[in-house]
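Enquirer: The structure follows.
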Amino acid sequence: MNLISKQKRENHTGSFHYNVMKLIRIIPCFILFVVLSGGAAAQQPAWEEVAPGVWKTIIGKPEAYDLIKASGATPDKAALQKMSKGSFPFEKDFRAGKQTDGKTMLLFPLQKEEQLYGFGLNFQTVHQRGKILQLHVDHYGGKDNGRTHAPTPFYVSSAGYGVFVNSARYINVYAGTAVRKDSKNPPVSKDRNTDKSWSSRPYSDGVEMLVPATGVEVYVFAGPTMLDAVRRFNLFNGGGVLPPRWGLGFTQRVKSLYTADEVEKEAEAFAEKGFPLDYIGLEPGWQSKAYPGTFTWDPRRYPNPEKFVQSMLGKGIRLNLWINPYISKDASFFEAIKNYTGSHTVWTGEVPDFTMPEARKIFFGQLQKNQVNIGVSGYKIDEVDGYDHYLWPDVATFPSGKAAEQMRQTYGVLAQRYSAELFKQQNRRTYGLVRASNAGAVSFPYVLYNDYYNHEDFITALINSGTAGVLWTPEVRASKTAEEWLRRFQTVIFSPMAMINAWSSGTKPWSYPEVAEQVRELALLRMQMMPYWYSAFARYHFEGIPPFRGMAMEEGFRAEAKKEAANSNLEENPYAEAVSKEIKDQYMAGDCLLVAPLFAGQKTRKVVFPKGKWYDFYTGELAGDGNVITVEPGLNRIPVYVRDGGIIPFMPPLMHAPAAGQKIDIEIRHYGEKPAVYKLYDDDGETFNYEKGDYIFREIRVEGTKGSFRGSVSDAVPGKPDNIGRITWKFMTR
């Protein structure tokens, strides 16, 4: 049409239409281009800044039900406002996608050196560029293909921005894998016969996604750093969870068919042997029937539940109950809820439709009156993830009209949301376990776990949890050797939940006598470090900083985006594929700590330090300065390092977490040669009063130079919590 002059358009309307039809006949490929580009219906989307540093666009007609609606997440705009201003990472007229054939196609640009992180809780890989995934809630099956416990449709780029697709559907992801003909930066064509640099995976400059829906909301999060983008994502979804102090203590899950007497005896054994214990998990045997469940105490094993729960609370120990939400016909509320359940059963149990208020009132009402009201402190929500062979199929229907696929993607989120509300109504915090999660659930008091048991992969999952908006625990169950037991135990101490899950094995911390004392020292170290862990989670809540995260988010860490040489044996590797070299066995914990686990059979390992000086956690001695070292720590220690100027607050090694109002002495440890400032968080440790401003960050300041450091702590504020007793100082680097 630009071939027709303005004068002809104004004076010869008939001629105009004639020429248009002529052009259509002559140049059909032009019309094809318009159609593929979305035509008039696919106008450039308007990017609206919906929160500071957060932009949204709408493509097509989004579905009424999505991840944010399922979670009920509300942005913490005040916290987002406190962050440094970020800029939109793409061109303002950038078009994110189009809708066609009842589906939505998305396309985001990639620069040549960008690396991608995220796309959910992956277990074997940190780098996601070059991956093809289907983001699908499922039990992890041993392969990073998108089927996982938290397939969060959020990714963050090494260029310092994030992208979130707000859909409760199975999303296909092509993370820089496909080369488009209209690519702005296409790869160079090479002759494999003569060019050794030929690759079976040509460079792609786009992230493409396919959402099986007529439209979708897309959000972009500004940096300028990866950590900033992740923070904005977390704060946009309400900010991270702030657990009760006792949730950061030690937990033991007992064997499935334990009785009340056996649970009490186990707690007594912990006390007699000097092992700390804050809560005990009861497995399926607490119910009169399980798989499917009745959600009622078994009178044979727990004849007086209320007396039992109160007795344990009197010992300073909370109780956490296993459930999966599939209802037995023998449940007291079965007749009331059956009309609000899906078309298919799970282990012959009815599946309540948690999107319906009627179903929630009946199901969670049972939990409230039978368990929460008598003092139970939390839940382990099992088997809301998959496998396909026992969960409902995608042909299932639900009375709310939600698709089976949507229910699969959000069922764990719904279970977390409405069980957590039971405790919030009573103004007491909870902390538990869940098998499935998704975007929007960052503020829920649950930690992910599974039945998989590869130690190395557990650490990779812990790293990836920082870009998935979830928490993950590398739990301990049993081990083939004392060495493996100790190595596994070392990592749970530096994780969101220090837990032995002995539902099947019956293991105790002292089950391997040759390392029992080392395990006890680690458990006590966990308690000593509680002020540090609690402050890290406070920053997760108020500032969006993941308490456990990968090295890529650490300032000054540059060992990324490298390629390992391809296997040159073409019989074994016919397409000569190189793989991305990644750091997936060391991570950051809190503000200051770099944790580098060893695994059974290892005597030494390499540690890659970010820029700057790093000091040994145990001795305070200089360990590295932006370099790579090889360490041989011995069996009794997990390598841990503190950044220059790092401050770690310690408390005495108590047997239980401090109670509300309990004064605790603090030893402040400083590492390195730099002055430093640290924010020590304090509240009552148990209620939600912090949401009303009943909390304080006490500023710890170290000034001076090495050999003459002096420390100070800001004064308590009248009317604010003041649980700090005597303060002592320990300057670790001499």
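Enquirer: Could you list all residues from segment 126-157 that are among the β-branched types (Val, Ile, Thr) and surrounded by 18 or more Cβ atoms within 10 Å (Cβ to Cβ)?
Expert: Answer for segment 126-157, where residues must be among the β-branched types (Val, Ile, Thr) and surrounded by 18 or more Cβ atoms within 10 Å (Cβ to Cβ): VAL126, VAL137, THR148, THR152, VAL156.
Enquirer: Which residue is modelled with the lowest pLDDT, if the candidates are limited to segment 659-718 and must be on the phi > 0 side of the Ramachandran plot and either among the β-branched types (Val, Ile, Thr) or surrounded by fewer than 14 Cβ atoms within 10 Å (Cβ to Cβ) (or both)?
Expert: Step by step, filter segment 659-718, then rank; the result is GLY707.
Enquirer: What are the residue pairs meeting all of these: first residue in segment 62-79, first residue at positive phi, second residue assigned to a loop (DSSP other than H, G, I, E, B) and buried (at least 16 other Cβ atoms within 10 Å of the Cβ), Cβ atoms under 9 Å, and 6 or more apart or on different chains?
Expert: GLY72/GLY238; GLY72/GLY440
Enquirer: Then there's this: Of all residues in segment 284-303, how many are surrounded by fewer than 22 Cβ atoms within 10 Å (Cβ to Cβ) and out of contact with any helix residue (DSSP H, G or I) (no Cβ under 8 Å at 6 or more places or on another chain)?
Expert: Counting residues in segment 284-303 that are surrounded by fewer than 22 Cβ atoms within 10 Å (Cβ to Cβ) and out of contact with any helix residue (DSSP H, G or I) (no Cβ under 8 Å at 6 or more places or on another chain) gives 7.
Enquirer: Sticking with this structure for a sec: Give the residues of segment 372-390 that are touching a His at 6+ places or on another chain (Cβ under 6 Å) and surrounded by 20 or more Cβ atoms within 10 Å (Cβ to Cβ), sorted by residue number.
Expert: Residues satisfying the conditions are ASP385, GLY386.
Enquirer: If only one of VAL492, VAL476 is free of Cβ contacts under 8 Å to residues at least 24 places away in the same chain, among the hydrophobic types (A, V, I, L, M, F, W, C) and either farther than 18 Å from HIS656 by Cα or not assigned by TED's automatic domain parsing to the domain that holds LYS663 (or both), which one is it?
Expert: After applying the criteria, what remains is VAL492.
Enquirer: So which residues in segment 308-353 are outside any loop (DSSP other than H, G, I, E, B), among the aliphatic types (A, V, I, L, M) and under 30 Å from MET655 (Cβ atoms), if there are any at all?
Expert: Selection gives VAL309, MET312, LEU313, LEU319, LEU321, ILE323.
Enquirer: Considering each residue of segment 240-261, count those that are among the polar types (S, T, N, Q) and within 27 Å of the chain's Cα centre (by Cα), and give that number.
Expert: Qualifying residue count, segment 240-261: 2.
Enquirer: Take segment 316-375 and flag every residue that is farther than 13 Å from LEU422 by Cα and of a type in the set (Gly, Ala, Ser).
Expert: Across segment 316-375, the qualifying residues are GLY316, SER328, ALA331, SER332, ALA336, GLY342, SER343, GLY349, ALA359.
Enquirer: Residues GLY401, GLY378, GLY469: which one is in contact with a Ser or Thr (Cβ under 8 Å, 6 or more places away or on another chain) and either over 21 Å from ALA502 (Cβ atoms) or basic (Lys, Arg) (or both)?
Expert: GLY469
Enquirer: Separate question: What do you reckon, is GLN111 exposed (fewer than 15 other Cβ atoms within 10 Å of the Cβ) and at pLDDT below 95?
Expert: yes
This table checks each residue for (1) surrounded by fewer than 18 Cβ atoms within 10 Å (Cβ to Cβ); (2) of a type in the set (Val, Ile, Thr); (3) outside the structural domain of GLU91 (by TED's automatic domain parsing).
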{"residue": "VAL173", "(1), (2), (3)": "no, yes, no"}
{"residue": "ARG180", "(1), (2), (3)": "yes, no, no"}
{"residue": "MET209", "(1), (2), (3)": "no, no, no"}
{"residue": "PRO212", "(1), (2), (3)": "yes, no, no"}
{"residue": "PHE221", "(1), (2), (3)": "no, no, no"}
{"residue": "PRO224", "(1), (2), (3)": "yes, no, no"}
{"residue": "ASP228", "(1), (2), (3)": "no, no, no"}
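Enquirer: Then there is this: One residue is enough: does segment 477-485 have a residue meeting the conditions of a type in the set (A, V, I, L, M) and either buried (at least 20 other Cβ atoms within 10 Å of the Cβ) or closer than 19 Å to PHE354 by Cβ (or both)?
Expert: no
Enquirer: Okay, moving on. When you scan segment 227-239, do you find a residue that is touching a residue at least 40 places away in the same chain (Cβ under 8 Å), part of a loop (DSSP other than H, G, I, E, B) and more than 22 Å from the chain's Cα centre (by Cα), even just one?
Expert: No, that holds for no residue.
Conditions tested, residue by residue: (1) farther than 30 Å from GLU272 by Cα; (2) outside the structural domain of THR430 (by TED's automatic domain parsing); (3) part of a loop (DSSP other than H, G, I, E, B).
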position	(1), (2), (3)
TYR618	no, yes, yes
HIS656	no, yes, yes
GLU673	yes, yes, yes
TYR678	yes, yes, no
ASP684	no, yes, yes
ARG698	yes, yes, no
LYS706	yes, yes, yes
VAL717	yes, yes, yes
LYS720	yes, yes, yes
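Enquirer: Can you name the strands (runs of 3 or more DSSP E) wholly within segment 70-127 that have at least 2 residues being closer than 20 Å to GLN409 by Cα?
Expert: Strands (runs of 3 or more DSSP E) meeting the threshold: 103-109.
The values are calculated or read from the model by the stated rules, or taken from the named source; none is laboratory data. Being a predicted model, the structure only gives us computed values, none of them experimental. Every residue, glycine among them, receives a Cβ derived from its backbone with ideal geometry; neighbour counts consider all protein chains shown.
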